[in-house]
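Okay, structure first, notes after.
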Amino acid sequence: ENTPGIVNMHSPKDWTDKHIWSGQRNADCAIVRNGVAVEEPGYLTQRFAEEAIRFLEENQNHPFFLFVPFSAPHTPFQAPQYYYSRFPHIDDPVRRVYLAMIAALDDAVGAINQKVEELGLAQNTLVFFLSDNGGAEYTHATDNAPLNGGKITAFEGGLRVPFFLKWQGPLPSGTAYPHPVSSLDIFTTVCAAARIPLPGGRTYDGVDLLPYLLGHKPGKPHESLFWKGGSAWTILKNDWKFFFNEETGQTRLYNLADDPYEEANLAGQYPGKTSELKTAIDNWYAGMPKPLWPALVSFKHEDENGVFYFDN
């Protein structure tokens, strides 16, 4: 927290703030290399990029898989002074650090991509960039407007995230794909690109995105997508999105084609649709392994339709 050249910013309105800062880089919060805790004084966004570049240089002559789990932008809110100085026009110091973290992340991702280019690997490397969830509005550093909700919720503000796919040559650059995809599609897409047959006798939640992105296959990759956290369930089937909390009995139903911001709850108007989607959730969950541990956090989301509880 007291590293020279790093701007630190607590967010007193954020209920997670005291927990995030308490560990520093010790115990469960220690930086680990190959299973051993190590001292790491550097700014992690930059250090992750440096380690990724080292890996690329060492493995450029072999097939490789590289996963770079950047934690930024995330609490604790910390950024190098160099990046913080880029945003003097931002009055809110919490948001200013948040934007500085994104700028540092942007440079780190750019450095990794540049190394792929320099090593001549761009035409033989599939690059994914995505986020695990929408902005955490409870930090008061960001919001997802006009989308509803954010992190921990299954509203569009919590689910719609950047998802970039780059493969120089096979994939045309600068194109946008309009239909929902999932991080579950990474495994199946990579296997297809590498011409690795998938083992039979099992169900895969992901699909190969390449035929859809190249225009070889019409329609949507997924007829349905599901989310579950504790007692809260969500399904997106075509344009219909249904929420159900089995503990509180709450239901929400939206048609995203007409209502992308999830403002008009149609559950009371379409009982047949809610029943259909609840049955689809039950059928999906019947084939899933049971959770190894319970949800730890109950999160209250409040909007014009009232309160809805999610578990995490």
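The values are calculated or read from the model by the stated rules, or taken from the named source; none is laboratory data. Everything numeric in this text was worked out from a predicted model, so none of it was measured. Here the Cβ positions follow ideal geometry from the backbone for every residue, glycine too, while neighbour counts run over all protein chains shown.
For segment 261-285, a residue qualifies if it is in a helix (DSSP H, G or I) and either in contact with a Leu (Cβ under 7 Å, 6 or more places away or on another chain) or free of Cβ contacts under 8 Å to residues at least 12 places away in the same chain (or both), and the qualifying residues are P271, G272, K273, T274, S275, E276, T279, D282, N283.
From the list Q46, Q24, the one residue that fits, being in contact (Cβ under 8 Å) with a residue 12 or more places away in the chain and closer than 29 Å to S298 by Cβ, is Q24.
For segment 226-258, filtered to residues that are touching a Leu at 6+ places or on another chain (Cβ under 8 Å) and of a type outside the set (F, W, Y), the residue that is surrounded by the most Cβ atoms within 10 Å (Cβ to Cβ) is K241. Within segment 4-34, take every residue that is of a type in the set (V, I, T) and touching a helix residue (DSSP H, G or I) at 6+ places or on another chain (Cβ under 8 Å) and give me the one that is modelled with the lowest pLDDT. Among those residues, the one meeting the criterion is T16. Listed by first and then second residue, the pairs with beta-carbon distance under 7 Å, at least 6 apart or on different chains, first residue in segment 76-100 and more than 16 Å from Q46 (Cβ to Cβ), second of a type in the set (K, R), are F87/R96; I90/R96.
The residues in segment 153-196 that are part of a loop (DSSP other than H, G, I, E, B) and within 20 Å of L256 (Cβ to Cβ) can be counted, and the count is 15. Scanning segment 194-240 for residues being of a type in the set (D, E, K, R), touching a residue at least 24 places away in the same chain (Cβ under 8 Å) and over 24 Å from P170 (Cα atoms) gives a total of 2. Determine, yes or no, whether N8 is loosely packed, with under 12 Cβ neighbours inside 10 Å and outside any helix (DSSP H, G or I). Criteria not met by N8. Among the residues making up segment 113-135, a single one is closer than 30 Å to S11 by Cα and without any contact (Cβ under 8 Å) to a residue 24 or more places away in the chain: G135. The set of residues in segment 143-161 being surrounded by 15 or more Cβ atoms within 10 Å (Cβ to Cβ) and in contact (Cβ under 8 Å) with a residue 60 or more places away in the chain consists of L147, N148, G149, I152, T153, A154, F155, E156, L159. For segment 190-223, filtering for residues that are exposed (fewer than 15 other Cβ atoms within 10 Å of the Cβ) and touching a strand residue (DSSP E or B) at 6+ places or on another chain (Cβ under 8 Å) leaves 2.
Note on segment 229-244: residues that are over 30 Å from W167 (Cβ atoms) and either small (G, A, S) or modelled with pLDDT under 95 (or both) total 4. So, in segment 11-26, of the ones that are part of a loop (DSSP other than H, G, I, E, B) and of a type outside the set (S, T, N, Q), which residue ends up surrounded by the most Cβ atoms within 10 Å (Cβ to Cβ)? My answer is D14. Counting residues in segment 286-300 that are touching a residue at least 24 places away in the same chain (Cβ under 8 Å), part of a loop (DSSP other than H, G, I, E, B), hydroxyl-bearing (S, T, Y) and surrounded by fewer than 18 Cβ atoms within 10 Å (Cβ to Cβ) gives zero.
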